[in-house]
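Here is the structure we will look at, set down as structure tokens.
The values are calculated or read from the model by the stated rules, or taken from the named source; none is laboratory data. Keep in mind it's a predicted model, so treat the numbers as computed, not measured. Ideal geometry is used to build each Cβ from the backbone, glycine not excepted, and the neighbour counts take in all protein chains shown.
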Amino acid sequence: MKRILSAVVTTFLATTVNSAPIIFFGEDLNNSSSVPLASTPNADSAFGDFSSNLTGVSTEDFESQATGTTSSISLNFPGSAGSIGATLTGSNMAIRSVPAGSTTGAGRYPTSGTQFLEANAIDFTIDFTQAISAFGFWGVDIGDFGGTVSLDLINGGTQTIQVPNTQGSGGSTDGSVLFFGFFDLNDSFTSITFDITSSGDIFAFDDMIIADEGQIVVDPVNPVPAPATFALIAAGLLGMRQYSRKKN
């Protein structure tokens, strides 16, 4: 079965470091529902750039969660002034486990270990007990039947940022892997809700990482890695990486 690898590693600076979320994105394309990608260099690079700006954080890989369907999951993360609680809710949520080197048969698999959270991108919500300023996750099998994902960042008002995932058709991007992360030195958020332009999309959510403002230490060497080409910058300005703000 033909497999596709996409060289899409980008980061996007909406205006300046202090006025908008700084976005890190990398995607590796696949077209197999049964064979996972053996490597994910683009997503790995985006994750490395994102995490280099954080300190004192941890990653939730869902390995300690009981497998099976659940309506909500409560997690704890270290913050700069104590722990930060996170509650994950949404339809079609389930902790899944698959052996290394395999998938669920529908293109979904973990990005580390053997377990991941299966969620629906149309109504997946994460609520935090304290405001956060950075969020990142790995996603598998997103947009394989069309649709792009967005995140609503809520704290009084709402900011919406786009995840520039490739839009597949009829499962053409089954099993693709992406990393998406952002930090914001100007605003903090107490809730994040996923949405997608299609009627819904079940995907694998894994290796979640968050940070509060005190855990963001901008990398002085390369705080915002440059896009690979000017063409990618132009594409971002034309809409792949849109940034909008809506006030209640």
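General observations
- Of the set (1) modelled with pLDDT of 95 or more; (2) more than 22 Å from GLU60 (Cα to Cα); (3) assigned to a strand (DSSP E or B), all apply to THR173 but (3).
- Within the range 155-172, tally of residues that are within 17 Å of ASN30 (Cβ to Cβ) and surrounded by fewer than 15 Cβ atoms within 10 Å (Cβ to Cβ): 2
- Any chance ALA100 is closer than 23 Å to SER45 by Cβ, more than 17 Å from the chain's Cα centre (by Cα) and either surrounded by fewer than 16 Cβ atoms within 10 Å (Cβ to Cβ) or of a type in the set (D, E, K, R) (or both): yes
- When restricted to residues that are more than 10 Å from ALA119 (Cβ to Cβ) and in contact (Cβ under 8 Å) with a residue 40 or more places away in the chain, the range 84-102 contains 7.
A quick yes/no check of all residues on (1) charged (D, E, K, R); (2) over 16 Å from SER150 (Cα atoms); (3) out of contact with any helix residue (DSSP H, G or I) (no Cβ under 9 Å at 6 or more places or on another chain); (4) modelled with pLDDT of 95 or more:
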site: ASN186; (1), (2), (3), (4): no, yes, yes, no
site: PHE189; (1), (2), (3), (4): no, no, yes, yes
site: THR193; (1), (2), (3), (4): no, no, yes, yes
site: SER199; (1), (2), (3), (4): no, no, yes, no
site: ASP206; (1), (2), (3), (4): yes, yes, yes, yes
site: ILE209; (1), (2), (3), (4): no, yes, no, yes
site: ASP212; (1), (2), (3), (4): yes, yes, yes, yes
site: PRO220; (1), (2), (3), (4): no, yes, yes, no
site: VAL224; (1), (2), (3), (4): no, yes, no, no
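- Selected residue (criterion: surrounded by the fewest Cβ atoms within 10 Å (Cβ to Cβ)) from residues of the range 36-56 that are in contact with a Phe, Trp or Tyr (Cβ under 7 Å, 6 or more places away or on another chain) and part of a loop (DSSP other than H, G, I, E, B): PRO36
- Hits in the range 111-156 - residues which are under 17 Å from ALA86 (Cβ atoms), assigned to a strand (DSSP E or B) and hydroxyl-bearing (Ser, Thr, Tyr): THR125, THR129
- Contact map, the range 56-67: residues that are over 14 Å from PHE137 (Cβ atoms) paired with residues that are polar (S, T, N, Q), Cβ distance under 6 Å, separation 6+ or inter-chain. Pairs shown: GLY56/GLN215; GLU63/GLN115; THR67/SER97.
- Scanning the range 1-35 for residues being modelled with pLDDT of 50 or more, surrounded by fewer than 23 Cβ atoms within 10 Å (Cβ to Cβ) and within 12 Å of PHE182 (Cα to Cα) gives a total of 1.
- Among residues that are among the small types (Gly, Ala, Ser), over 19 Å from the mean Cα position of the chain (by Cα) and surrounded by fewer than 19 Cβ atoms within 10 Å (Cβ to Cβ), SER112 is not included.
- Of all residues in the range 23-35, those satisfying the criterion of being assigned to a loop (DSSP other than H, G, I, E, B) and either in contact with a Gly (Cβ under 7 Å, 6 or more places away or on another chain) or closer than 10 Å to THR103 by Cβ (or both) are ASN30, SER32, SER33, SER34, VAL35.
- GLY107 satisfies every condition listed in (1) surrounded by 21 or more Cβ atoms within 10 Å (Cβ to Cβ); (2) in a strand (DSSP E or B); (3) small (Gly, Ala, Ser) except (2).
- Which numbered condition GLN242 misses (of (1) modelled with pLDDT of 60 or more; (2) surrounded by fewer than 19 Cβ atoms within 10 Å (Cβ to Cβ); (3) not acidic (Asp, Glu)): (1)
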